[in-house]
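Q: Here's a structure for you.
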Amino acid sequence: MYERDEVRYLCPECARAYRPGMPLQGVLEVVFNWELLRARWDATDPDWHLFTPVESEYLPPFAAGGTPLMRADRLGQELGLWNLSLKNDGLNPSGSLKDRASFLVVAEAIRLGEDRIVTASTGNAASALAAVCAAAGNEAIIFVPATAPRAKIAQILLYGATLIPIAGSYDDAFRLSLEYTAAEGGLNRNTAYHPLTIEGKKTAGLEIFAQNGMQAPDVIVIPAGDGVILHGVFKAFADLRAAGFITTLPRLLAVQADRSDAIHRFFSTGTYADAPSPDTCADSISVRTPSNALMARRALQESRGTSATVSDREILDAQALLARTTGVFAEPAAAASIAGLARAKNAGWIDPDEHVVALITGHGLKDIDSALQGIQMPPAVAPELEAVKKYLADGRP
């Protein structure tokens, strides 16, 4: 165990064998003083900041978190689930759950007096970091694959970050960001590489617990790319158990695109191998080498969870189903949780009466081009009532 400022990123002993292009070794976890936390806890007025490792005076002026936990009865009826809820993190300020991690890493940068923060991302972590840095007045330097969705690129630039598009993959961007900070300095926000990314994403799990009447649901469904959201939600409930507030962890269901399935295969077989061709419409979970594969597998094992893979067609169908039954427009990576939920229910892994929470990690406006793949645009109608009546009578395409 290390003191707070003794190590900034990975465990120096465990990470000796780490090289870019492999899952991170020695990812650190924050350990709290549970006796002191329990002594300070007031169940009538819970102070959730007790579970946060950065003091409140360093928090940037940015409203991350606090997203709704909402019933999804019509979607549940379609899936044969009678107690289904959505945690809609697409309603964070920049439109994704990644605001939570960026918020906490920027707070840490403020505490350390670091003005420059660097990250690699397929888009959401990048736009989240750019947004929080804009609010806090920090410099953001961001490496993204040049193929990242245009909406995410637009966000990054409008927030005033320095954007470095890479003619390569997310894994290339990840490697370059590490090389850059090693040579030029700054705080690296890369997912899992900086342990507070896990702590930031943990807050989604804490909110689910609080919004569910201080109870853990039976199942939480989480789309997985790097595996950091998966492990962050797991750590929320592991911390709640360590604090003595729960005794049983919710079962976690990790959902991956079938062409970006390294965590799924690692969990299923016990043998790690990269995803050979991570080409999927769900860009936010498109990863060849998931940085947090080791902890993600542990989270599934300790929560008695499982994993599933879904095709791009299933993802886009789930995106449409989610939208028309709940009014929630999710980006493809977020809709993957619904596609995986359907698979798990059909396989008998979930009981119809269990309380299931599906985590919606990003807003659909993050990637409008993917959504348009499954939509047929209707032809223009003449500006006359009779033309409208005829159009409706003939049936809309």
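The values are calculated or read from the model by the stated rules, or taken from the named source; none is laboratory data. Because the structure is a prediction, the values reported are computed rather than measured. We place every Cβ from the backbone using ideal geometry, glycine too, and count neighbours over all the protein chains shown.
Q: Select from region 113-132 the residues that are buried (at least 24 other Cβ atoms within 10 Å of the Cβ) and out of contact with any helix residue (DSSP H, G or I) (no Cβ under 6 Å at 6 or more places or on another chain) and write down the one among them that is farthest from L158 (Cα to Cα).
A: Ranking the qualifying residues of region 113-132, first place goes to S121.
Q: Identify, please: which residue in region 235-272 is out of contact with any strand residue (DSSP E or B) (no Cβ under 6 Å at 6 or more places or on another chain), closer than 27 Å to A318 by Cβ and among the aromatic types (F, W, Y) and is, among those, surrounded by the most Cβ atoms within 10 Å (Cβ to Cβ)?
A: Per the stated criteria, the residue is F237.
Q: Right, here's the next one. What are the residues in region 293-335 that are under 13 Å from A371 (Cβ atoms), of a type in the set (D, E) and surrounded by fewer than 24 Cβ atoms within 10 Å (Cβ to Cβ), if any?
A: Across region 293-335, the qualifying residues are D312, D317.
Q: Answer yes if at least one residue in region 362-372 is farther than 22 Å from T203 by Cα, outside any helix (DSSP H, G or I) and without any contact (Cβ under 8 Å) to a residue 12 or more places away in the chain, and no otherwise.
A: Looking through region 362-372, none of the residues is farther than 22 Å from T203 by Cα, outside any helix (DSSP H, G or I) and without any contact (Cβ under 8 Å) to a residue 12 or more places away in the chain.
Q: If you scan region 232-248, which residues turn out to be outside any helix (DSSP H, G or I) and either touching an Asp or Glu at 6+ places or on another chain (Cβ under 7 Å) or not β-branched (V, I, T) (or both)?
A: Listed by number, the residues that qualify are A243, G244, F245.
Q: Considering R313, R304, which residue is in a helix (DSSP H, G or I) and either of a type outside the set (D, E) or within 19 Å of T280 (Cα to Cα) (or both)?
A: Just a single option satisfies the conditions, and that option is R313.
Q: Consider P223 carefully, then state whether it is in contact (Cβ under 8 Å) with a residue 40 or more places away in the chain, buried (at least 24 other Cβ atoms within 10 Å of the Cβ) and closer than 21 Å to G65 by Cα.
A: When the stated conditions are applied, P223 passes them.
Here's the yes/no breakdown for (1) at pLDDT 95 or above; (2) buried (at least 24 other Cβ atoms within 10 Å of the Cβ); (3) touching a helix residue (DSSP H, G or I) at 6+ places or on another chain (Cβ under 9 Å); (4) among the aliphatic types (A, V, I, L, M):
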site: Y159; (1), (2), (3), (4): yes, no, yes, no
site: I164; (1), (2), (3), (4): no, no, yes, yes
site: G168; (1), (2), (3), (4): no, no, yes, no
site: R175; (1), (2), (3), (4): no, no, no, no
site: L178; (1), (2), (3), (4): no, no, no, yes
site: A182; (1), (2), (3), (4): no, no, no, yes
site: T191; (1), (2), (3), (4): no, yes, yes, no
site: E199; (1), (2), (3), (4): yes, yes, yes, no
